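Working notes, beginning with the structure itself.
The values are calculated or read from the model by the stated rules, or taken from the named source; none is laboratory data. These figures come from a predicted structure and were not determined experimentally. Reconstructed Cβ throughout: ideal geometry from the backbone, glycine too, with neighbour counts over all protein chains shown.
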Amino acid sequence: MDALLNWIPRWFFYLLLSVLIGGLVGLEQESYHRKVEEKHFGGIRTFPLISLMGFSVQYFVKNPIVTGLVFFGFSLMIVGEYMYEAIYFNRKGVTTEVAGLLTFVMGVVLAKGYVIEAVTLSIFMTLILSMREFLHNFIEKYIYKRDVSAILKFLIVTAILYPLLPNKDFTFLKLNPRSIWVMVILISTISFTAYFATKLFGSKRGILITALFGGLMSSTAVTLAFSKRSHEAPELSDELAMGIILASSIMFIRQWIIMFIIYPKISYGFFLFSVFMFVVGIAFVLKKPRGVTSVNIEFSNPYDITHALFFGAFYTVVLILSKLAHMYLGSKGMYLLGFVSGLADVDPLTISMSQLAKSGVVELNVALVSIIISSITNTLIKAVYANMFGHSRLKKIIWKAFIAMTLASVVFVLFFENVI
């Protein structure tokens, strides 16, 4: 670029570039609106002029007040044009108008010397505009109204609650309300990713794909759903059992992800364990033939505010019990809590142990063993669920696999207790 600027004035190069980035957006808008034969605000000529206007005011006048006034006036023109089209042509979308305002901003950014940033901005904006049909169809097909409502409520509560929560420790247990809510956001986000993937790929691709993504969200939910389904369709018991084993194996990978995000050092010790347990589970899954039969599971949206608040309360209780157990019972208290917590959910204990190890309250190996004990308990309780609700053939496969996984876990517990 420097060599090029030796041949032409800098201002002229930037001026041409502002026309090009505006033209990129205008070309996309022109081609779309011609295709749908729709009344539109601007196209191949208008957008380069908007970018040129933003660039010229910022580069030549060099007065932020003037730039702000010009942008304000341009915004009023955009609003007036939109109201006119909304009234007389019944237009409802504002995407083109927003693109116009952003194109003005791109011209200003370019005038400030941020060449790469301005070009990148124009590419991303054009890409988003060009994906309108894909995005609309995608949302209509995979995102339900109740999901959108749940996400919005969660974001609104988070936006209001997070700044209001004090970022300091309370009581001798040093409970930090803001830190607790951050953990709720973390788990909800991880679960939502799996929730969305399950909706996108799950039931349409067969039992094992559903189990794969469902296990990242809730292996217990997969166990209950598949066990009940085995009574309705006994001939699917083998494949349903494989799905439960796969989901339960994925649980260890989920735990590792949580630990890595919170405190990478503790995740290093858990990594080999999680991989080993996953391999043990997969060994059982690969023994059986795989079909394409699907099973629908109704997962609740992790961003549902009730679900998030319940998890936050549960996590807080586990965190309090963890600190009390360590204070009065030492490492044995941690192990006992790991056993009890695993009867319900492994995530709260995984988070609390990772945080306590990070802060130095609990020794690393003690936290690690406690998390593994929680995993063992949770695996066995899922075997109990399968025994309660599943077909006899499914029970036999599940118990065989889960006992093998439990024994492998015990070996790791003994290893960490005596070696590390």
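Laid out as a table, the results:
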item: Single residue of Glu37, Glu97 found to be at positive phi and either among the small types (Gly, Ala, Ser) or at pLDDT below 80 (or both); result: Glu37
item: Matching residues, the stretch 255-272, being buried (at least 19 other Cβ atoms within 10 Å of the Cβ) and at pLDDT below 85; result: Gly269
item: Any hit, the stretch 409-416, residues being assigned by TED's automatic domain parsing to the domain that holds Phe276, under 30 Å from Ser230 (Cβ atoms), modelled with pLDDT of 85 or more and part of a helix (DSSP H, G or I); result: no
item: Test: residue in the stretch 333-340 that is under 29 Å from the mean Cα position of the chain (by Cα) and not aliphatic (A, V, I, L, M); result: yes
item: Number of positions in the stretch 369-406 that are hydrophobic (A, V, I, L, M, F, W, C), surrounded by fewer than 21 Cβ atoms within 10 Å (Cβ to Cβ) and either touching a helix residue (DSSP H, G or I) at 6+ places or on another chain (Cβ under 9 Å) or over 21 Å from Gly243 (Cα atoms) (or both); result: 7
item: Only listed residue being modelled with pLDDT of 75 or more and within 21 Å of Phe12 (Cβ to Cβ), chosen from Phe124, Phe71, Phe47; result: Phe47
item: Extreme residue, nearest to Val66 (Cα to Cα), among residues of the stretch 102-137 that are of a type in the set (S, T, N, Q) and free of Cβ contacts under 8 Å to residues at least 24 places away in the same chain; result: Thr120
item: Cβ-Cβ under 6 Å pairs, at least 6 apart or on other chains, the stretch 364-390 side without any contact (Cβ under 8 Å) to a residue 24 or more places away in the chain, far side surrounded by fewer than 19 Cβ atoms within 10 Å (Cβ to Cβ); result: Ala383/Trp399
item: Sole residue being at pLDDT 80 or above and either at positive phi or surrounded by fewer than 20 Cβ atoms within 10 Å (Cβ to Cβ) (or both), chosen from Phe278, Phe252; result: Phe278
